[in-house]
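The block underneath contains the structure these notes are about, expressed in structure tokens.
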Amino acid sequence: MPLVTTKKMFEDAYKGGYAVGAFNVNNMEIIQGITEAAKKLNAPLILQVSKGARAYANHTYLVKLVEAAVQETGLPIALHLDHGPDFETCKSCIDGGFTSVMIDGSSLPYEENVALTKKVVDYAHAHGVVVEGELGTLAGVEDDVQVEAGSESYTNPDQVEDFVKRTGVDSLAIAIGTSHGAYKFKPGQKPQLRFDILEEVSKRLPGFPIVLHGASSVIPEFVEIINQYGGSMPDAIGIPEEMLRQAATMAVCKINIDSDLRLAMTAAVRKYMAENPSHFDPRQYLKPAREAIEGMVEHKINTVLGCADKA
């Protein structure tokens, strides 16, 4: 089975009241952990690559690793560019085997965002690739995407129809209160998603797939392990999983998860090295890291996404 686009995935997810997980990947162990979990639960997958991941691991290596995952699992897997910063990066990924790209013009003035997104859509659609656009900005840090707290902006529902019609995007990332990174909220601040905005957007765009970025829950188990073995993350707060599950039953068809992967992997490596300080074989500490990712992704599929047995 070749790599697929997200078109049918999202059609099925919208009708079925679930979301597909979009997991950021950087190396072989992360890809293996994610795909083994999805294979076990027969879940569709989006494996996504950021500009930073391409710089770290090399475009070709990542594409071949994802293609190997398709061959090993037989699952429908889409390969997606996360937060494409410009037309050139999107074009490189389209030409280089990706089946989906995101062009992030959310920080631009509205008309510039429309023009840039349409340019990417026109090129992508001519090559059989689907496109995700974005309206509204999320606070936090993810690779090169950095928005200071207080500078984020909720998506304006009055703009979504015009944006989708003029650009031709296949899915739309909106800002309703999620945030990039592990430090999403100030201590004592209660996380809250703006379901009123999501509901209004879905009324304006009936049947259209919506995407949530910055949707890691910052699982306390992993934060506690990191802190136990020399870390300092007492104030890391994520999005409650019950809120994400509610969003997945509505118009949200794609939920991005990155920080939880990093935390799971880092917690497992720190714990292993602390308990086995004389070991130096990477296979010894990357195996539990891979297993931690697999367990976390299983949990997300069952608890948040609801996409088990939907492949």
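The sole residue among GLU111, GLU134 that is open to solvent by 50 Å² or more (accessible area, probe 1.4 Å) and either within 26 Å of SER179 (Cβ to Cβ) or at pLDDT 95 or above (or both) is GLU111.
Yes/no per residue for (1) in a helix (DSSP H, G or I); (2) of a type outside the set (Lys, Arg); (3) open to solvent by 60 Å² or more (accessible area, probe 1.4 Å):
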{"position": "SER217", "(1), (2), (3)": "no, yes, no"}
{"position": "PHE222", "(1), (2), (3)": "yes, yes, no"}
{"position": "ILE226", "(1), (2), (3)": "yes, yes, no"}
{"position": "MET233", "(1), (2), (3)": "no, yes, no"}
{"position": "LYS271", "(1), (2), (3)": "yes, no, yes"}
{"position": "PRO277", "(1), (2), (3)": "no, yes, yes"}
{"position": "PHE280", "(1), (2), (3)": "no, yes, yes"}
{"position": "GLN284", "(1), (2), (3)": "yes, yes, yes"}
{"position": "LYS287", "(1), (2), (3)": "yes, no, yes"}
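If I filter segment 202-214 for residues that are open to solvent by 30 Å² or more (accessible area, probe 1.4 Å) and at pLDDT below 95, do I get at least one hit? The answer is no, given that none of the residues of segment 202-214 is open to solvent by 30 Å² or more (accessible area, probe 1.4 Å) and at pLDDT below 95. Residue check: is LEU3 under 17 Å from ALA311 (Cα atoms), among the hydrophobic types (A, V, I, L, M, F, W, C) and in contact with a Phe, Trp or Tyr (Cβ under 9 Å, 6 or more places away or on another chain)? When the stated conditions are applied, LEU3 passes them. Residues that are in a loop (DSSP other than H, G, I, E, B), acidic (Asp, Glu) and within 23 Å of TYR123 (Cα to Cα) do occur in segment 73-88. Among the residues in segment 246-257, are any assigned to a helix (DSSP H, G or I) and either buried (at least 20 other Cβ atoms within 10 Å of the Cβ) or of a type in the set (A, V, I, L, M, F, W, C) (or both)? Checking segment 246-257: at least one residue is assigned to a helix (DSSP H, G or I) and either buried (at least 20 other Cβ atoms within 10 Å of the Cβ) or of a type in the set (A, V, I, L, M, F, W, C) (or both).
For GLU294, the criteria (1) in contact with a helix residue (DSSP H, G or I) (Cβ under 7 Å, 6 or more places away or on another chain); (2) open to solvent by less than 20 Å² (accessible area, probe 1.4 Å); (3) acidic (Asp, Glu) hold in every case but one, which is (2). Scanning segment 21-52 for residues being within 13 Å of the chain's Cα centre (by Cα) and either outside any strand (DSSP E or B) or over 26 Å from ASP86 (Cβ atoms) (or both) gives a total of 5.
Here is the figure for segment 21-62: residues that are open to solvent by 50 Å² or more (accessible area, probe 1.4 Å) and in contact with a strand residue (DSSP E or B) (Cβ under 8 Å, 6 or more places away or on another chain) total 1.
TYR18 fulfils the conditions (1) part of a loop (DSSP other than H, G, I, E, B); (2) open to solvent by 20 Å² or more (accessible area, probe 1.4 Å) except for a single criterion, (2).
The values are calculated or read from the model by the stated rules, or taken from the named source; none is laboratory data. From a predicted model like this one, the values you see are computed outputs, not experimental measurements. Neighbour counts run over all protein chains shown; Cβ positions are idealised from the backbone, glycine included. Ligands, DNA and RNA are stripped out before the accessible areas are found, and what is left, the full protein with its side chains, is counted by its heavy atoms. Shrake-Rupley method; radii C 1.70, N 1.55, O 1.52, S 1.80 Å.
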